[in-house]
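Asker: My structure is below; once you've seen it, I'll send some questions.
The values are calculated or read from the model by the stated rules, or taken from the named source; none is laboratory data. Not measured: the values here are computed from a predicted model. A quick note on method: Cβ atoms are made from the backbone with ideal geometry, for glycine too, and the neighbour counts reach across all protein chains shown.
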């Protein structure tokens, strides 16, 4: 069975500093995609970044980058220059090529609080 | 182009009542996915539907839960005889077709069900 693990239930980070959110996954499938979503207190799910299992380079989207270490099965999210608006829950998720397209498996999430 | 619309945003039901949650996918999308988020947890896949068909219901509880996506109108997630443990946020996502691996899932804002 596949599994996503986020070991950090919560983190405090000072404004303008960088923060790394851990995510490890477990699958024997060779083809998969990894996603990070942000869930602010208002509740919606906001897509941040995607990494494919065959991608050679780490994904980047603005202040978000994904530290993908395939051999270690980790896909950590790095948020640079944190802003107060980054305070939210962050979820790591995985999609298998063999699964229904919309079938994402989510980790338990990490609560990030950005302080002034 | 409106996003995925879910209603109601908040729903309160007494134990034993029925809950009906509605999801209107993005315009042109014919695939719908329902997820449940229990307090302090990540989203869990429930069911994947195309118009008039259930494709994957591997995450649906065996009793009291049903889902449909009729030819006309929104997708409905129905929970009969609700219990306190059904209290959760229910999210819907949609897609146009079987997208490529790196396509994000577009989520609605969720329905927060509270069973009292």
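Asker: Taking residue A:30 as meeting all but one of (1) more than 8 Å from chain B (Cβ to nearest Cβ); (2) surrounded by fewer than 13 Cβ atoms within 10 Å (Cβ to Cβ); (3) free of Cβ contacts under 8 Å to residues at least 12 places away in the same chain, write down the number of the exception.
Answerer: That leaves (3) as the condition not met.
Asker: Given the criterion over 10 Å from the mean Cα position of the chain (by Cα) and surrounded by 20 or more Cβ atoms within 10 Å (Cβ to Cβ), identify the matching residue among A:95, A:72, A:63. Before the answer, list the steps.
Answerer: Details: A:72 fails: surrounded by 20 or more Cβ atoms within 10 Å (Cβ to Cβ); A:63 fails: surrounded by 20 or more Cβ atoms within 10 Å (Cβ to Cβ).
The unique qualifying residue is A:95.
Asker: So, one more: Being within 14 Å of chain B (Cβ to nearest Cβ) and part of a loop (DSSP other than H, G, I, E, B) is the filter here, so list the residues in segment A:59-87 that pass it.
Answerer: Passing the criteria: only A:59.
Asker: Let me ask something else about it. Quick check on my filter: what residues within segment B:21-43 are surrounded by fewer than 16 Cβ atoms within 10 Å (Cβ to Cβ) and either within 8 Å of chain A (Cβ to nearest Cβ) or within 10 Å of the chain's Cα centre (by Cα) (or both)?
Answerer: Once the filter is applied, which keeps residues that are surrounded by fewer than 16 Cβ atoms within 10 Å (Cβ to Cβ) and either within 8 Å of chain A (Cβ to nearest Cβ) or within 10 Å of the chain's Cα centre (by Cα) (or both), segment B:21-43 yields B:40, B:41.
Asker: Residue A:41: closer than 30 Å to residue B:9 by Cβ, assigned to a loop (DSSP other than H, G, I, E, B) and either modelled with pLDDT under 95 or more than 12 Å from chain B (Cβ to nearest Cβ) (or both), yes or no?
Answerer: Criteria met by residue A:41.
Asker: Out of everything in segment A:10-26 that is closer than 17 Å to residue A:71 by Cβ and assigned to a loop (DSSP other than H, G, I, E, B), what residue ends up being farthest from the other protein chains (Cβ to nearest Cβ)? So that I can check it myself, show each step before the final result.
Answerer: In the first step, residues of segment A:10-26 are kept if they are closer than 17 Å to residue A:71 by Cβ; the result is A:22-26.
Adding the requirement that they be assigned to a loop (DSSP other than H, G, I, E, B) leaves A:22-23.
Numbers: A:22: 14, A:23: 11 Å.
Per the criteria, the residue is A:22.
Asker: Residues to consider are A:109, A:102; find the one that is within 14 Å of another protein chain (Cβ to nearest Cβ), over 15 Å from the mean Cα position of the chain (by Cα) and surrounded by 21 or more Cβ atoms within 10 Å (Cβ to Cβ). Walk me through how you get there before you give the answer.
Answerer: Details: A:109 fails: over 15 Å from the mean Cα position of the chain (by Cα).
None of the other options fit; the residue is A:102.
Asker: Mind checking whether some residue in segment A:88-98 is free of Cβ contacts under 8 Å to residues at least 60 places away in the same chain, more than 13 Å from chain B (Cβ to nearest Cβ) and either within 29 Å of residue A:16 (Cα to Cα) or outside any strand (DSSP E or B) (or both)? Before the answer, list the steps.
Answerer: Applying the first criterion (free of Cβ contacts under 8 Å to residues at least 60 places away in the same chain) to segment A:88-98 yields A:88-89.
When the remaining residues are screened for being more than 13 Å from chain B (Cβ to nearest Cβ), the result is A:88.
Within this subset, residues satisfying the condition of being either within 29 Å of residue A:16 (Cα to Cα) or outside any strand (DSSP E or B) (or both) are A:88.
For segment A:88-98, residues free of Cβ contacts under 8 Å to residues at least 60 places away in the same chain, more than 13 Å from chain B (Cβ to nearest Cβ) and either within 29 Å of residue A:16 (Cα to Cα) or outside any strand (DSSP E or B) (or both): present.
Asker: Of the conditions (1) modelled with pLDDT of 95 or more; (2) part of a loop (DSSP other than H, G, I, E, B), residue A:29 clears all except one; give me its number.
Answerer: (1)
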